[in-house]
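**Q** Structure in structure tokens, see below.
The values are calculated or read from the model by the stated rules, or taken from the named source; none is laboratory data. Predicted, not measured: the structure shown is a model, and the values here were computed from it. We place every Cβ from the backbone using ideal geometry, glycine too, and count neighbours over all the protein chains shown. All accessible areas refer to the heavy atoms of the entire protein, side chains included, with ligands and DNA or RNA removed. Shrake-Rupley method; radii C 1.70, N 1.55, O 1.52, S 1.80 Å.
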Amino acid sequence: MRSLQVKFSLLVVILLVLGCTGIAWIAIAQERRALTQEAEKRAHVLAKHLAGAASEALVVVSGDPHSPPPAEELLLRKLASQVGSEEGVVEARVLGADGRVWASADASELGERHELGGRERVEHHAGRLRVAVPMIYSDVRVGEAQIALDLDAIIGPVIRTTRRQLTAVAALVVVFGVAGGIAFVALLVGPLRRLRAGVERLAAGDFAARVPPTSRDEVGELTRAFNEMGESLQQKQRIQGAFGRYVSDYVLSQLLESPDGAELSGAEREVTILFADIRRFTRLSEGMKARDVVALLNDVFQLATDCILAHGGTIDKFIGDSVMAYFGAPVTRADH
């Protein structure tokens with residue numbers, strides 16, 4: 001029974017761990033997907049804000065690329081620096097129509113050339129989210145605003161917090177699940193232990209052993225079947241004890257093995273019949289009390305019964321103070 005508890009507990013732990021791991025993985029994946037979508041929306045908003053605020057200044061500075069107006073050029077760099085200072089933003093730049101970097105949160109990029117896209121685009125690369133938005137001025141494309149977010153820096157802390165919370169919840173679920181599983185096994189094993197103890201008592205010869213059923217499930221049905229078997233064995237023991245005082249072991253075994261009498265059919269056989277009674281019993285019993293008479297008869301009949309059975313005889317009946325028995329049947333004896 002203890003091995004059953006251990007196996008069941010291990011099975012519960014494995015199933016709970018697998019279940020919690022699967023649920024946690026699904027929950028984290030969904031949360032990562034939702035956070036990534038929110039990050040894309042935020043990057044779009046920042047890129048469009050930068051494109052809208054810097055488009056006019058970009059037109060002015062790109063009109064004279066060799067000596068751009070200082071005020072407009074300073075405005076572009078200020079706008080790029082402001083967007084670049086936002087949490088999680090690792091890239092913020094303004095490109096001209098020719099792909100030249102006019103403003104960037106990283107000053108070392110100024111003057112570099114980057115490839116322009118034909119429309120808005122979103123890219124995921126190496127843990128970064130890049131969003132590019134065309135800059136339109138008077139229905140003319142004058143450049144492009146590019147924003148890049150570090151997804152690990154934005155999403156990572158939230159995912160780690162969620163993972164810790166789910167781990168704590170999973171641990172609690174496993175603990176409570178194991179405790180519940182142990183309690184369930186205890187409820188299941190308790191009746192089985194009582195049933196095993198009853199079987200051991202029955203095997204030791206205690207036919208009065210009974211186990212009270214505690215449920216209506218299969219274990220309860222098994223318990224009731226055990227009790228019925230005990231009743232049958234006890235009834236057989238009572239029959240054996242009652243008839244064993246008056247018939248031989250052979251006759252008794254035939255009665256128990258063939259209760260319908262199939263093995264005890266009639267047969268012609270030469271037998272010796274014994275009639276024995278107490279001499280002068282009538283005169284003897286007249287001077288005795290009824291209780292003493294019964295005690296005397298019991299003692300005499302017990303002595304006669306023991307002697308008759310010891311010599312292979314079968315008692316037919318008791319009549320008053322006499323006993324009738326026969327020898328030579330059903331067990332054949334040459335010296336009956």
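**Q** Among 329, 52, 25, pick out the residue whose Cα is farthest towards the positive end of the charge dipole of the chain, where Lys and Arg carry +1 and Asp and Glu carry -1 on C-beta, about the Cα centre.
**A** 329
**Q** Alpha carbon centre of segment 88-110 versus segment 162-226: separation in Å?
**A** Using only Cα atoms, the two centres lie 71 Å from each other.
**Q** Please compute the alpha carbon radius of gyration of segment 289-328, then divide it by the globular-protein estimate 2.2 N^0.38 Å. Two decimals is fine.
**A** 1.25
**Q** If I model a spin label as a point 7 Å beyond the Cα along the Cα-Cβ vector, how far apart are those points for residue 162 and residue 334 in nm?
**A** 10.0
**Q** How big is the convex hull of the Cα atoms of the chain, per residue, in Å³?
**A** 261
**Q** Specify which residue in the list 63, 307, 267 is farthest towards the positive end of the charge dipole of the chain, using unit charges on the beta carbon of Lys, Arg (+1) and Asp, Glu (-1), about the Cα centre.
**A** The residue sitting farthest along the positive end of the dipole is 307.
**Q** Here is a further query. Please build a GNM for the chain, connecting alpha carbons under 10 Å apart, and tell me which residue among 27, 103, 71 fluctuates the most.
**A** Looking only at 27, 103, 71, the biggest GNM fluctuation is shown by 71.
**Q** Can you give the angle from 0 to 90° between the axis of helix 218-243 and the longest principal axis of the chain, with both taken from C-alpha atoms, to the nearest 10?
**A** That helix lies at roughly 10 degrees to the long axis.
**Q** Per the helix-only calculation at 222 nm, which mean residue ellipticity applies to the chain, given -39500 (n - 2.57) for every DSSP H run of n ≥ 4 and division by its residues, nearest 500 deg cm²/dmol?
**A** -20500 deg cm²/dmol
**Q** With +1 on each Lys and Arg Cβ and -1 on each Asp and Glu Cβ, how big is the dipole of segment 83-135 about its Cα centre, in debye rounded to the nearest 20?
**A** 180
**Q** Dividing the Cα radius of gyration by the Kirkwood radius, what Rg/Rh value follows for segment 85-155?
**A** Computed over Cα atoms, the ratio is 0.98.
**Q** Sort segment 46-102 into rounded, prolate or oblate with this rule: let a ≥ b ≥ c be the square roots of the eigenvalues of the Cα gyration tensor; rounded if a/c is under 1.5, and if a/c is not under 1.5, prolate when a/b is larger than b/c, oblate otherwise.
**A** Prolate shape, in that a/c is at least 1.5 and a/b is the bigger ratio.
**Q** Now, a different point. For the chain, give the percent of accessible area contributed by carbon and sulfur heavy atoms, probe 1.4 Å, rounded to a whole number.
**A** Answer for the chain: carbon and sulfur cover 58 percent of the accessible area.
**Q** Indicate the gyration tensor shape class of segment 10-163 (rounded, prolate or oblate), computed on the Cα atoms with a ≥ b ≥ c the square roots of the eigenvalues: a/c under 1.5 is rounded; otherwise a/b larger than b/c is prolate and the rest oblate.
**A** Prolate, since a/c reaches 1.5 and a/b exceeds b/c.
**Q** Could you give the angle, 0 to 90 degrees to the nearest 10, between helix 151-203's Cα long axis and the longest principal axis of the Cα atoms of the chain?
**A** Approximately 0 degrees, to the nearest 10.
**Q** Kindly give the semi-axes, whole Å and largest first, of the ellipsoid equivalent to segment 146-215, taking each as the square root of 5 times a Cα gyration tensor eigenvalue.
**A** 59, 8, 7
**Q** How much length is gained if the chain between residue 29 and residue 87 is pulled fully straight, taking 0.36 nm per residue apart and subtracting their Cα-Cα distance, in nm to one decimal?
**A** Full-extension gain reported as 18.6 nm.
**Q** As an exercise, use a Förster radius of 41 Å and the Cβ-Cβ distance of residue 288 and residue 239 to find the FRET efficiency, rounded to the nearest 0.05.
**A** Result of the calculation: an efficiency of 0.75.
**Q** What ranking do 275-286, 169-180 get when scored by the average of other Cβ atoms within 10 Å per residue, highest first?
**A** 169-180, 275-286
**Q** How far apart, in nm, are two points set 7 Å out from the Cα along the Cα-to-Cβ line at residue 303 and at residue 217?
**A** 6.4
**Q** Let me ask something else. Listed highest first by mean packing, meaning other Cβ atoms within 10 Å per residue, what order do 38-44, 13-19, 287-293 come in?
**A** Packing proxy ranking, top to bottom: 38-44, 13-19, 287-293.
**Q** Working from Cα positions, state the angle (0 to 90°, nearest 10) between the long axis of helix 70-84 and the longest principal axis of the chain.
**A** It is inclined by approximately 10 degrees.
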